[in-house]
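Each remark here refers to the structure printed beneath this line.
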Amino acid sequence: MTSAGNGTQAGASKPLLEVRGLTVHHGQLRALDRVSLRVFPGEVYAIIGANGAGKSTLLRTIAGLHKPTEGVILLDGQDLTRVRPERRATRGIAMVPEGRRLFESLTVEENLQVGMTYARKGPWTIERVYELFGWMRERRAQRTAQLSGGEQQSVAIGRALVANPRVLLLDELSLGLAPVVVRRIYGMLPQILATGLTVLLVEQDVSQALRVASHLQCLLEGHTTLEGRPTDVTAEQVEAAYFGLGAPGPEVLGPEVPGLGPGPGGPGGYGGAGSPPVSRRGLGGIAPPEETGAPLWLG
Ligand code: ATP
């Protein structure tokens with residue numbers, strides 16, 4: 001699949017979602033440092049970056065699960081920065097959280113019903129989700145614990161869709177799934193976009209992100225290291241941004257960027273098989289849970 005975004009920055013004058021100078025702390029750790037982005041209607045905007053780059057923190061802050069230290073979040077020009085998470089849902093922000101967070105003792109249909117708690121009016125109903133994922137209707141009475149990872153991910157997407165968001169936040173859809181399953185799930189994106197949604201996604205599988213995105217931003221330790229259209233950036237630029245390298249010459253032996261294949265450093269390089277993931281977890285200690293009033297399944 002090529003770029004799935006049907007909106008372009010050239011064609012749309014006003015961003016639907018805008019983040020300006022967002023800084024977020026977890027305890028002492030500055031997880032995001034003055035990050036900005038503009039997502040235009042109908043676009044698929046991808047955030048890439050290694051473990052601990054701040055990608056999930058960014059999505060979760062947009063959904064209202066973390067309070068920023070600085071910065072502004074605007075939806076269609078309206079300031080959402082201080083709006084409670086459930087109100088953001090009714091304004092049109094829904095998230096598929098990392099790890100899916102389904103209620104595994106509930107059935108497929110019950111999980112979808114949960115997604116309607118803060119639903120807006122719109123094209124997405126449970127019936128429409130069953131049409132999108134052909135297997136789901138027959139298995140609607142099955143508990144989600146009995147589903148495969150890919151099926152669970154589809155239910156999590158359905159749960160977000162029935163809220164009829166304007167902006168769909170997708171956090172690491174590919175996590176723990178086989179490549180063929182990942183491709184199948186991303187293959188649904190055009191049908192989702194066709195109903196008028198705009199997508200902001202986080203993805204560690206860089207080649208997958210590049211395939212579907214009309215715009216991308218790379219984060220490294222909370223900073224923006226690259227921003228642009230996939231067609232305007234080279235694999236070398238992405239690799240350099242991903243790991244914070246200088247402009248890599250042929251002598252720079254890079255590690256593997258997931259999805260871009262092994263860099264010259266090969267699988268033994270940092271980030272390759274057997275290497276510890278890049279992570280800053282623990283630098284600032286675990287922040288206490290925030291009293292956000294967020295929907296339980298996002299928490
Ligand atoms: P991953 O792919 O591993 O999820 P990420 O790019 O999504 O990485 P975040 O999960 O946003 O990164 O984490 C950014 C940094 O903030 C990391 O150093 C992480 O350890 C830290 N962090 C995230 N959540 C918390 C928390 N609740 N308390 C303390 N530190 C946290």
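Can you work out the base-10 log of I(q)/I(0) for the range 17-243 at q = 0.08, 0.09, 0.11, 0.17 1/Å, using the Debye formula on its C-alpha atoms alone?
Calculated log10 I(q)/I(0) at the listed q: -0.27, -0.34, -0.52, -1.25.
Can you tell me the length gained on complete extension of the stretch ASP79 to GLU131, counting 0.36 nm per residue apart and subtracting the Cα distance? Intermediate values should be presented prior to the final figure.
Working: separation 52, 0.36 × 52 = 18.72 nm, distance 3.49 nm.
Value of the extension gain: 15.2 nm.
Would you mind counting up the charge near ASN164? Only other residues with Cβ under 9 Å from its Cβ, with Lys and Arg at +1 and Asp and Glu at -1.
On the way: positive: ARG120, LYS121, ARG166; negative: none.
For residues surrounding ASN164, the net value is +3.
Points 7 angstrom from Cα along the Cβ direction at LEU175 and GLU104: gap in nanometres?
Result for the modelled spin labels: 1.4 nm.
If amide H atoms are built 1.01 Å from N in the plane of the peptide, which residues on other chains or at least 5 residues away come under 5 Å of the amide H of VAL96?
Residues meeting the amide H criterion: LEU169, LEU170, ASP171.
Mind checking the full-extension length gain between ASN51 and ASP232? Use 0.36 nm per residue of separation minus the Cα-Cα distance, one decimal, nm. Spell out each step's value before the answer.
Numbers: separation 181, 0.36 × 181 = 65.16 nm, distance 2.44 nm.
Gain in length upon complete extension: 62.7 nm.
Could you check the simple spin-label distance between THR117 and GLN28, using points 7 Å along Cα→Cβ, in nm with one decimal?
Here the modelled spin labels are 3.5 nm apart.
None of the figures in this text is laboratory data; all of them are computed from the coordinates on show. No experiment lies behind these values; they were computed from the predicted model shown. For neighbour counting, all protein chains shown are included, and Cβ atoms are generated from backbone atoms with ideal geometry for every residue, glycine included.
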